[in-house]
1. Could we say that residue B:439 is in contact with a Phe, Trp or Tyr (Cβ under 6 Å, 6 or more places away or on another chain) and over 30 Å from residue A:105 (Cα atoms) here?
2. Against the definition (hydroxyl-bearing (Ser, Thr, Tyr) and buried (at least 22 other Cβ atoms within 10 Å of the Cβ)), how does residue A:511 come out, yes or no?
3. Please list, ordered by first then second residue, the pairs with beta carbon atoms under 6 Å, 6 or more apart or interchain, first in the range B:121-146 and under 24 Å from residue A:356 (Cα atoms), second within 16 Å of ligand 2 (Cβ to nearest atom) and hydroxyl-bearing (Ser, Thr, Tyr).
4. Would you confirm whether any residue within the range A:535-548 is on the phi > 0 side of the Ramachandran plot and more than 14 Å from chain B (Cβ to nearest Cβ)?
5. Is it the case that the range B:339-361 has a residue that's facing chain A (nearest Cβ under 7 Å), touching a residue at least 60 places away in the same chain (Cβ under 8 Å), of a type in the set (A, V, I, L, M) and closer than 24 Å to residue B:424 by Cα?
6. Within the range A:87-109, is there a residue that is of a type in the set (Phe, Trp, Tyr), surrounded by fewer than 23 Cβ atoms within 10 Å (Cβ to Cβ) and assigned by TED's automatic domain parsing to the domain that holds residue A:40?
7. Name the single residue, out of those in the range A:100-156 being among the β-branched types (Val, Ile, Thr), in a helix (DSSP H, G or I) and in contact with a strand residue (DSSP E or B) (Cβ under 9 Å, 6 or more places away or on another chain), that is nearest to the other protein chains (Cβ to nearest Cβ).
8. Test residue A:460 against the criterion of being without any contact (Cβ under 8 Å) to a residue 40 or more places away in the chain, of a type in the set (Val, Ile, Thr) and assigned by TED's automatic domain parsing to the domain that holds residue A:397, and give yes or no.
Protein chains: 2
Amino acid sequence: MTLLDQIDTPEDLKKLDRSQLPQLAREIRDNIVDVVSKNGGHLASSLGVVELTIAVHYVFDVPFDKVIWDVGHQAYAHKLLTGRREAFPTLRTLGGISGFPKVSESPYDAFTTGHSSTSVSAGYGISCARDIKGEDGKVISIIGDGSLTGGIAYEGLNQSGPSSRNHLVILNDNEMSIAKNVGALSSFLSRTFSAKYLQDLKGEFKKAMKALPKVGDDIYQFAKKTEESFKAFVTPGMLFEAFKFEYLGPIDGHNLEHLIDILENIKKLNKPVLLHVMSKKGMGYAPAEANPVYFHGVGAFEKETGNSMKAKPKAPSYTEVFGKSMVSLAESDKRIVAVTAAMPEGTGLTEFAARFPDRFFDVGIAEQHGVTFAAGMATEGMKPVVAIYSTFLQRAYDQILHDVCLDRHPVIFAVDRGGLVGEDGPTHHGLFDLAYLRPLPNMAIMAPADENELRRMLKTALDHDGPIAIRYPRGAGTGTAVDEAAPPLPFGKGALVREGKDLLLLAIGTSLATCMEAAEQLSQRGIEAAVINARFVKPLDKDLILTWAGTTGHVVTVEEHMKAGGFGSAVLELFSDEGLSNIATARVGIEDHFVEHGPREALCRRQGISTEGIVEASFRVLGQTQSVTTLAGDGR
Amino acid sequence: MTLLDQIDTPEDLKKLDRSQLPQLAREIRDNIVDVVSKNGGHLASSLGVVELTIAVHYVFDVPFDKVIWDVGHQAYAHKLLTGRREAFPTLRTLGGISGFPKVSESPYDAFTTGHSSTSVSAGYGISCARDIKGEDGKVISIIGDGSLTGGIAYEGLNQSGPSSRNHLVILNDNEMSIAKNVGALSSFLSRTFSAKYLQDLKGEFKKAMKALPKVGDDIYQFAKKTEESFKAFVTPGMLFEAFKFEYLGPIDGHNLEHLIDILENIKKLNKPVLLHVMSKKGMGYAPAEANPVYFHGVGAFEKETGNSMKAKPKAPSYTEVFGKSMVSLAESDKRIVAVTAAMPEGTGLTEFAARFPDRFFDVGIAEQHGVTFAAGMATEGMKPVVAIYSTFLQRAYDQILHDVCLDRHPVIFAVDRGGLVGEDGPTHHGLFDLAYLRPLPNMAIMAPADENELRRMLKTALDHDGPIAIRYPRGAGTGTAVDEAAPPLPFGKGALVREGKDLLLLAIGTSLATCMEAAEQLSQRGIEAAVINARFVKPLDKDLILTWAGTTGHVVTVEEHMKAGGFGSAVLELFSDEGLSNIATARVGIEDHFVEHGPREALCRRQGISTEGIVEASFRVLGQTQSVTTLAGDGR
Ligand SMILES: [Mg+2]
Ligand SMILES: [Mg+2]
């Protein structure tokens, strides 16, 4: 029996001797690598915080103490130690446990995460509630250095620091470069500081400060000297002390002894503390240590070698086609600049970044800034292409509206991962974009039905003088050949792809393929469905849609998006505005609920965005003919 | 002829002698006070930056150099100096000039602002475009201390600082308390530093630093001592130096000589510089100096005394009713906590703040943090009421979705200023909220038709176990008596307020009154319209709406909101989902464009959200009867 096998709750962990913990860490790592090699997942981040997770649960009493994992993809060790060891092999599978902390999954998960930089705000909220209720307990926000680039993290620190509340922020730093000379400081801090000793030191510093030379004309010189020397040694702390956090660290995030010692000390401090921990992404698994970017979020792989097990997909992904198109279009169009929010790989922009370093901007996890920054560039004649996943673009909603649309700046939004994304689940599905972009004046919205259309729409967007979004899905394209020479798709125009007299299937984006399959099935049952590839959600191709809606009298819209406010809703609005009250309609899309994690195709089927779902909806609208006639026959 | 009369462009300003500038400042102040006393506007902020504005235009060459005014309500002096002197009396009036910088209004406005904290990102974008094009020119972002609490400002600084680009950020600080001992530093800086001298100093500091004691075991002590002494003297700079900006200041923002000197020096620096300017809100107009909060945004007043000229409205505002209700409900319900984003007065929460200081949280201009913070409190059993204007809530869209709705946390959103807000114009109208909230699973949305309904809906919200929004407008209520004892309005239920057989008018929120007037007019023309007060946008009162839609066969929805994705769209979705394809519909709301500034009532009329607009739409849907019958008669 392994040590891990004995741990059902963090209470069991506390029964182990400190000397057993490195062995436990090895077992946890092995377990994580084993499951992720089969299921895919966020490997490198989780491996990097194994010791930190053990130390936190060894010292604190979760769930009495609350831990909020920022982003949350690093919480695998936390899941293994908090009652989910046996469920862990179901990680990210349909019906299995989530790849992120989830309040509804476990009482040990204090806050559901997925998007970056929320842990300080949530933790501060929990601290305030605790204090109002007069209760106790440590609140611990664990945030990565990358997440700190998000503005909401700063907003949270800015409020939490001066509050003097009992709130511990652990900065898990695996990238920021730290000058070598702070290493000595680190072990000094971790080993010998008790809470009492910290208090004494504070007093000493106060005295030392008072003994400093009196202020006078040379104050600037003195301050400047002090500042420079200060910056040379303790830069990371400077920022956090400005936010009124007691700053401790940096400390080695893989040294269990040090981690436990310092957390024991911090446990006694009843105020805002920031503990700076240095860790290594992918720690303990050589392939991940060597290539942490690849192993950040990874598909199934061979455990021994780290080699991918995924069969090479037949077709390039939409993301790849976008990336390649950006490079070739940017060759001839010097106005093109690319903006990503910390996802050059994810959005397919690595080649662009290498080829056009001066026109490539990674703004960090800062979608708000990224969009307004792009608007600024657009005022000067650039053609910014902002490539952000649908779910993360939600962060920049006000900036899209206020800084881009209001002045009709020609910013192109490459909205990747539109629709269901699969295993990352409800925090990451891109199901709201059409609804939140549609009401914005001046905004145009397209969705390609295949990768060649994506390429052509990028040209359409570059020709367009105003904000425009291209929404495309995660994963492989349809295998359609990409024709570099193909002209832009005409603005505001859809295409009839199949004629039919009984019914109109109105598809947007990748739902076109499903609609074509459904039309085939319907045809076998004697129903002739026309199919339109709408291409534009805004503006809709009014003439084309009205013509075929009028011809058939029955319309089914299909989208991989919430039903409320989406593409289908736009079509209903069109019919109403045109005074067409005699069209029977049905909308296929996501009902008013969040969608779980699991394989994308399985989720689509469950949500009825499938051939069967479309066929069913088709029969439903066709069935309405009778009642329409009957009611109208009543003389109304 | 005054000095101001001679200035049509900043070029004219440069012809003045420095000694004439204080006189010009007085004339500008007088002009601003004069116009704002008649038109209302943002007085205190604009008075605070008169000298800074003069100095910037005296030293730099706008529009070759670009100035971005953060928030923009302080740009009145800028408007007076950049060709809008004669138009200035039309400030904020219908068809007149905007109260904010507006690219479409003037080539001197480099970026349209209105919402806070965007100037650094936009300015950095402009800097990058300039550098890509190989052009010159200073980019100047002028940002207030309040705006710095917004996360996007931090995201912008975080990227701009390390870039080494030629970007000047001027921090206009009128609130942050600065230790007295930096005053000496300020004048020292402003008077004697040439760019060359700054360079020399830098070199000296480098040498001094190298001469510091070698690092060893006592490094922590040394660093700590250094840090403490450093913090005691130059705290404001510390933060900005951490962002790699060259920090200069603080400097007196009303001393033209110093301002011009330091800006001349900065003009020569080709890198990120942050100039910290101290100013006084309301400077030069005694009533505004005495009460800067009141004179931040103010209605018409008597110039001599500052006394309000506005007739006391007959009815309390929705905001006031909300504020009072919060106090009385919080007496008996200890779970209630209130969150505002830097607007305790604007959202009516000052009395709550005074009565329940431990349960009141002003998070600064940090809507994202405010919402996630509230979610954190909700996890611990609190009932957070987040009071944020509709237009600013756009900033927290992702947090509403991801941190509140996903886990169904019972956070109450008091969405003030829903609908047209009037003189603040397109950046501030709250016209998107229903559309962006509606697709969010678990979210309920209400809008009261009068102030008593607002009070009752607050009770409904407190009883509801999940996220819920109450959307209410700017300005006075209907005068309906507020009944403290009235029970909560039933969840998901609307009310029939007028019977009628020919047509159904479906009202949400304050459009109820307009619908009732329209029904009266229609009745005089022989058409009997039923009127429903929907109260809930989500969930819709399905039974009530379907019953009366079925009875009348003709439905007009009315909302002070974009037509795309709003309340009317929800009603169309309902009809489609229920298979009702025989209802003639029309939606009254805002078409697909931004709405200008002007009096709210005038704007409503222009947008057709008026008795006339509803009557017209009613005749339009009634006219459809024929074609429906005819088409249906064709046997389809
Ligand atoms: Mg990191
Ligand atoms: Mg201020």
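The values are calculated or read from the model by the stated rules, or taken from the named source; none is laboratory data. Worth saying up front: this structure is predicted, and the values here are computed from it rather than measured. Using ideal geometry, Cβ is built from the backbone for each residue, glycine included, and neighbour counts are taken over all protein chains shown.
1. Working: in contact with a Phe, Trp or Tyr (Cβ under 6 Å, 6 or more places away or on another chain): yes; over 30 Å from residue A:105 (Cα atoms): no.
It is false that residue B:439 is in contact with a Phe, Trp or Tyr (Cβ under 6 Å, 6 or more places away or on another chain) and over 30 Å from residue A:105 (Cα atoms).
2. Details: hydroxyl-bearing (Ser, Thr, Tyr): yes; buried (at least 22 other Cβ atoms within 10 Å of the Cβ): yes.
The answer is yes for residue A:511.
3. Listed pairs, sorted by first residue: B:123/B:141.
4. Yes, the range A:535-548 has at least one match.
5. No: the range B:339-361 contains no residue that is facing chain A (nearest Cβ under 7 Å), touching a residue at least 60 places away in the same chain (Cβ under 8 Å), of a type in the set (A, V, I, L, M) and closer than 24 Å to residue B:424 by Cα.
6. Within the range A:87-109, one or more residues are of a type in the set (Phe, Trp, Tyr), surrounded by fewer than 23 Cβ atoms within 10 Å (Cβ to Cβ) and assigned by TED's automatic domain parsing to the domain that holds residue A:40.
7. Initially, the range A:100-156 is screened for residues among the β-branched types (Val, Ile, Thr), giving A:103, A:112-113, A:118, A:120, A:126, A:132, A:139-140, A:142-143, A:149, A:152.
Now restrict to residues that are in a helix (DSSP H, G or I): A:120, A:126, A:132, A:149, A:152.
Among the residues that remain, those that are also in contact with a strand residue (DSSP E or B) (Cβ under 9 Å, 6 or more places away or on another chain) are: A:120, A:126, A:132.
On the way: A:120: 8, A:126: 5, A:132: 6 Å.
The qualifying residue nearest to the other protein chains (Cβ to nearest Cβ) is A:126.
8. Numbers: without any contact (Cβ under 8 Å) to a residue 40 or more places away in the chain: yes; of a type in the set (Val, Ile, Thr): yes; assigned by TED's automatic domain parsing to the domain that holds residue A:397: yes.
Against the criterion (without any contact (Cβ under 8 Å) to a residue 40 or more places away in the chain, of a type in the set (Val, Ile, Thr) and assigned by TED's automatic domain parsing to the domain that holds residue A:397), residue A:460 qualifies.
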